[in-house]
Amino acid sequence: MSNIIITGTSRGIGFELVKLFGEEGHEVLALSRNDQPCSELNMPNVTSLSCDITNRSDLKRITEFLTDWQHVDILINNAGSLLNKPFLEISAEEFAEVYKVNVFGVAELTKLVLPKMGKNSHVVTISSMGGVQGSVKFPGLSAYSSSKGAVITLTELWAEEFKETGPSFNALALGAVQTEMLEEAFPGYKAPVTALEMASYIKEFALNGNKMYNGKLLQVSNSTP
């Protein structure tokens, strides 16, 4: 069984991932600003911590928790902030807030966890088709989609920097998945993939994808949106 950290676990894909890994018997640390949904699962192998990955004191609490873990096998950077607003109406503070979660928070948490990860460990960062160069783009998502492009490049850089010692780093660019976040971005749109279906794919990739891939972006999409 693996030791697994997942962010953004209060709803959608992150919540489904916690349940799937927990049911298989893995040790799971579920991180989200709202820790109640995962706490209410009452799984003995799931620890749910209230955590804002942009908050230094919250990150320190994670460091303290990890003193009890000898190693971390999988980190899934799933937490994300979405802003759907015309570019000319976005304030500098709003733009920065999206990057604080989607880029800087991801980088800080990854940096914190890396000392616990080895050659066979795997960091999976959840990106978006909107962040893929040449993909279909949508108005109003300039902050969100550009931040998701940034973590794709970070993934490639990390894989190069740690290629001798590990872990492996890969990014998954997701297309339309029926989640609360999709509803916020595209009200009324019905995606062809459920949160559970996508979580099932991500779970298998997190467990085994590093055997075949490192520093790669995989487009996991049959619809955009």
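The values are calculated or read from the model by the stated rules, or taken from the named source; none is laboratory data. Every value quoted in this text rests on a predicted model; they were computed, and no experiment measured them. Here Cβ is always computed from backbone atoms with ideal geometry, including for glycine, and neighbour counts include all displayed protein chains. Ligands, DNA and RNA are excluded from the accessible area calculation, which covers all protein heavy atoms including side chains. Shrake-Rupley method; radii C 1.70, N 1.55, O 1.52, S 1.80 Å.
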Could you say which residue among LEU31, LEU66 is of a type in the set (A, V, I, L, M, F, W, C) and in contact with a Cys (Cβ under 8 Å, 6 or more places away or on another chain)?
-> LEU31
Among PHE15, PHE87, PHE95, which is in contact (Cβ under 8 Å) with a residue 40 or more places away in the chain and open to solvent by 70 Å² or more (accessible area, probe 1.4 Å)?
-> PHE87
Which residues, counting only those in region 152-176, are under 30 Å from TYR189 (Cβ atoms) and open to solvent by 10 Å² or more (accessible area, probe 1.4 Å)?
-> ILE152, THR153, LEU154, LEU174, GLY175
Conditions (1) closer than 18 Å to SER221 by Cβ; (2) open to solvent by 20 Å² or more (accessible area, probe 1.4 Å); number of the one not met by ASN210 = (1)
Does GLU40 meet the test of being open to solvent by 60 Å² or more (accessible area, probe 1.4 Å) and under 22 Å from LYS203 (Cβ atoms)?
-> yes
Does SER128 fit the bill of being crowded, with 19+ Cβ neighbours inside 10 Å, without any contact (Cβ under 8 Å) to a residue 40 or more places away in the chain and either more than 16 Å from GLY209 (Cβ to Cβ) or in contact with a Leu (Cβ under 6 Å, 6 or more places away or on another chain) (or both)?
-> no
Can you name the condition, by its number, that GLY149 falls short on among (1) within 26 Å of SER91 (Cα to Cα); (2) open to solvent by 20 Å² or more (accessible area, probe 1.4 Å)?
-> (2)
Contact list, first residue from region 106-121 and under 12 Å from TRP69 (Cβ atoms), second anywhere and assigned to a helix (DSSP H, G or I), beta-carbon distance below 6 Å, six or more apart or interchain, is LYS116/LEU66
Near pairs, Cβ below 9 angstrom, 6+ apart or cross-chain, from region 20-33 (more than 19 Å from ASN102 (Cα to Cα) and outside any strand (DSSP E or B)) to any residue that is among the aromatic types (Phe, Trp, Tyr) and open to solvent by less than 30 Å² (accessible area, probe 1.4 Å) = none
Of the listed residues (GLY134, GLY105, GLY140), the one being in contact with a Lys or Arg (Cβ under 7 Å, 6 or more places away or on another chain) and farther than 16 Å from ASN170 by Cβ is GLY140
